[in-house]
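Everything below concerns the one structure shown next.
Values quoted throughout were computed directly from the atomic coordinates according to the rules given, and no laboratory measurement underlies them. Keep in mind that this is a model prediction, so the values were computed, not measured. When we count neighbours, we look across all protein chains shown, and the Cβ atoms used for this are built from the backbone with ideal geometry, even at glycine.
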Amino acid sequence: MELIKDTLNLSEWMNEPEPDHRVLPMSHWTEEVKEHFYAPRQAPQVTLGWRKAQDIFEFRPGEVSLWGGVNGSGKSPLHSQVTLDLMMQNQKVCIASLEMKPRKLMGRMLKQASGQKRPPLDFFNRFGKWSDGRLWVYDHFGSSNPSTMLAVIRYAIDKFGINHFVCDNLTTVIEKEDDYNEQKRFISGLCTIARDTDIHIHLVAHTRKGRSEADLPNKYDVRGTGAIVDLVDNLFLVWRNKKKEDAVQAGEDFDPNEHDAILILDKQRHSEGERSEGKFGFYFDTASNQYLEDRLALPRPYDIGNEVDIEEVEF
């Protein structure tokens, strides 16, 4: 897990590149569109790691995904598992986890990757060797700002050839919830970088609390300007079953088949499948922090011992 120090000189990446405006005849895209209609249908290239979502969603280049949920809903640990699944597909990921120090982030990922509360000693070096060339972390803890964050993304693209950038979370980049213009400019900047460089950007954000913790969130609950949801390509919302947790803790009766968490795909702009939205239920293993598809399933260690060689990157 390589660190990108917050002391690096980002001046080369601070200025946005000049927009490339062109006017072309519609026929310019004839062959590309013809191939779209008649080329053999490809299986999803980069997917979520869970079976139930395999045929419904894929991480397409040039898009921005928003991951929302109330405080404590589990959106960050769930996305940590998503990151591991991206790495298993030989995707290069850079994370800016501004509310969690790198050692804490690595500790959580080690638990998830090993499937154990206390990873075996030999797993640490294996994970480090496997993650190098796949995972980078922006070593900054605390608030940032849109210009710096956009520059870090451009830097990670130029230096490491990343496929995915994760910004966790929006409130650490734009502190004021009612600063709608700044929010819109930042999201527009993310969309421009994603589109121009063909990477996928993941932004974690907060949602408003519903009238009850039992209420599932929807796209209208995302904090801030409505332009946030309008501009992003995909929207995921994470819900945690606090009612079940409270019943377990109090020793009360509960339905064991009730899911511990639900991942809601509430928007997918460019889906071409029969389903573009859906809800996926999971059971949470507290020891490993893994989100499991089946109630009786055991946490699985990630197969990081037989990794596929990926392109060498110059540091």
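Quick look at the values:
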quantity: 5 angstrom amide H check on residue 163, placed H, neighbours 5+ away; calculated: 92, 93
quantity: Burial order of peptide ranges 98-104, 66-72, 31-37 (average beta-carbon count within 10 Å, highest first); calculated: 66-72, 98-104, 31-37
quantity: Zone residues, region 240-268, relative to residue 213, backbone N less than 12 Å from point 7 Å out along Cα-to-Cβ; calculated: 240-250
quantity: Sorted peptide list for 284-291, 139-146, criterion being average Cβ within 10 angstrom, highest first; calculated: 284-291, 139-146
quantity: Nearest-ten-degree value, helix 180-197 long axis tilted from longest Cα axis of the chain; calculated: 70 degrees
quantity: From the coordinates shown, P(r) over Cα pairs in 10 Å bins from 0, in percent corresponds to which of (i) 6, 23, 29, 21, 10, 5, 3, 2, 1, 0; (ii) 6, 28, 37, 22, 6, 0; (iii) 5, 25, 35, 25, 9, 2, 0; calculated: (iii)
quantity: Estimated distance in nm for a label pair at residue 180 and residue 10, the labels positioned 7 Å out from Cα along Cα-to-Cβ; calculated: 2.7 nm
quantity: Filter on 111/176; 117/242; 104/176 - keep pairs with C-alpha separation over 30 Å; calculated: 111/176
quantity: Antiparallel content of DSSP bridges confined to the chain, in %, to 5; calculated: 40 percent
quantity: Simple Cβ-charge dipole of the chain, Lys/Arg +1 and Asp/Glu -1, about Cα centre, in debye nearest 20; calculated: 740 debye
quantity: Theoretical FRET efficiency, 1/(1+(r/R0)^6), r = Cβ-Cβ of residue 23 and residue 250, R0 45 Å, to 0.05; calculated: 0.10
quantity: Alpha carbon convex hull of region 172-295, projected area averaged over orientations, nm²; calculated: 10.1 nm²
quantity: Ellipsoid equivalent to region 249-307 - semi-axes via the Cα gyration tensor, in Å; calculated: 26, 22, 9
